1. Could you list all residues from segment 99-112 that are charged (D, E, K, R) and surrounded by 24 or more Cβ atoms within 10 Å (Cβ to Cβ)?
2. Quick check on segment 29-52. Is at least one of its residues out of contact with any Pro (no Cβ under 7 Å at 6 or more places or on another chain), at positive phi and not in a helix (DSSP H, G or I)?
3. Looking at segment 217-232, is at least one residue aromatic (Phe, Trp, Tyr), buried (at least 18 other Cβ atoms within 10 Å of the Cβ) and touching a residue at least 60 places away in the same chain (Cβ under 8 Å)?
4. Have a look at 131, 115, 154 and point out the one that is modelled with pLDDT of 95 or more and surrounded by 15 or more Cβ atoms within 10 Å (Cβ to Cβ).
5. Any residue at all in segment 198-214 that's under 26 Å from residue 95 (Cβ atoms), in contact with a Ser or Thr (Cβ under 7 Å, 6 or more places away or on another chain), assigned to a strand (DSSP E or B) and not basic (Lys, Arg)?
6. Anything in segment 84-131 that is among the hydrophobic types (A, V, I, L, M, F, W, C) and without any contact (Cβ under 8 Å) to a residue 40 or more places away in the chain? List them, or say none.
7. When the residues of segment 177-216 are filtered to those that are surrounded by 19 or more Cβ atoms within 10 Å (Cβ to Cβ) and of a type in the set (Gly, Ala, Ser), which remaining residue is farthest from residue 67 (Cα to Cα)?
8. Name the one entry in 164, 173, 233, 219 that is out of contact with any strand residue (DSSP E or B) (no Cβ under 7 Å at 6 or more places or on another chain) and either within 23 Å of residue 41 (Cβ to Cβ) or of a type outside the set (Val, Ile, Thr) (or both).
Amino acid sequence: MKIEYTGKTESLAKHLANAWYLEEGVEPVTALYPDLSVDEAYQVQLYKVEQLIKEGQQVTGKKIGLTSKAMQEMLGVAEPDYGHLLDQMNIVNGGTVSYKRVLQPKVEAEIAFILKRDLIGPNVTTFDVLLATDAIVPALEIVDSRIKNWNITLADTVADNASSGLYVLGKHSKKITEVDLKQIGMALYQNDVLQNTGVGAAALGDPAKCVAWLANKLSAYGIALKAGEVILSGALSAAIEAKPGDHFYAKFAGLGDVEVSFTE
């Protein structure tokens, strides 16, 4: 399905991109267009992704956001949102991130799915997701916003690629049959201090349910989840603000660990 972009789509994509030139957040897109619909916001996101692909980047997967009831209630929505992952967002496990690469980063711990089969909605079930999953790995998502002070509505974060920044995958993986997704416990540390804990069920009750939602949501835009893609299934606890010099480490019970540092 070919999406027809409008002048509004292009202007809002450029507005968000200005954050990198200004090296600071910009005003919310809904401040410019208060009537911006969520569907129009997804078109802004897709437009920007297409531009990045034209510049040589490659889509490596998707991320799911707003999977906790608390976050949904805060933004007044009843379902998650999603964004695209690209190859230049990937940081090696144990690697460092220059603070110049980010604007106002926060770190979340998540379970990542690596697909071995395509998932094409609508009507994808949780069981379909399990069958299509090659492995799961521990992950950190570095969420970031081009919008000043994270002053966002649902349409703002959707247009801004679901506040995507960077992501880190752990070195160890498990087959889906080796774990109970809902019961995987997680502990997230910042500079060796425990910040929060979570469990797989924190993501809509089941991380695989989040992936099924994504496959079905994407079908409305003619997009499928592809074999080999990485799917970040949603945060298992609150995001922690990252500062220069910080080191983050997340340990997942029975799954392994993942870490990243920020340079001064």
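The values are calculated or read from the model by the stated rules, or taken from the named source; none is laboratory data. Quantities reported herein were computed from a predicted structural model and do not represent experimental measurements. Note that we place each Cβ from the backbone using ideal geometry, even for glycine, and neighbour counts take in every protein chain shown.
1. Listed by number, the residues that qualify are 108, 110.
2. Within segment 29-52 (the criterion being out of contact with any Pro (no Cβ under 7 Å at 6 or more places or on another chain), at positive phi and not in a helix (DSSP H, G or I)), the answer is no, since none of the residues qualifies.
3. Checked segment 217-232: no residue is aromatic (Phe, Trp, Tyr), buried (at least 18 other Cβ atoms within 10 Å of the Cβ) and touching a residue at least 60 places away in the same chain (Cβ under 8 Å).
4. Being modelled with pLDDT of 95 or more and surrounded by 15 or more Cβ atoms within 10 Å (Cβ to Cβ) holds for just one of 131, 115, 154, which is 115.
5. Checking segment 198-214: at least one residue is under 26 Å from residue 95 (Cβ atoms), in contact with a Ser or Thr (Cβ under 7 Å, 6 or more places away or on another chain), assigned to a strand (DSSP E or B) and not basic (Lys, Arg).
6. Within segment 84-131, 86, 127, 131 meet the criteria.
7. Top of the filtered list is 215.
8. When all the criteria are applied, what remains is 219.
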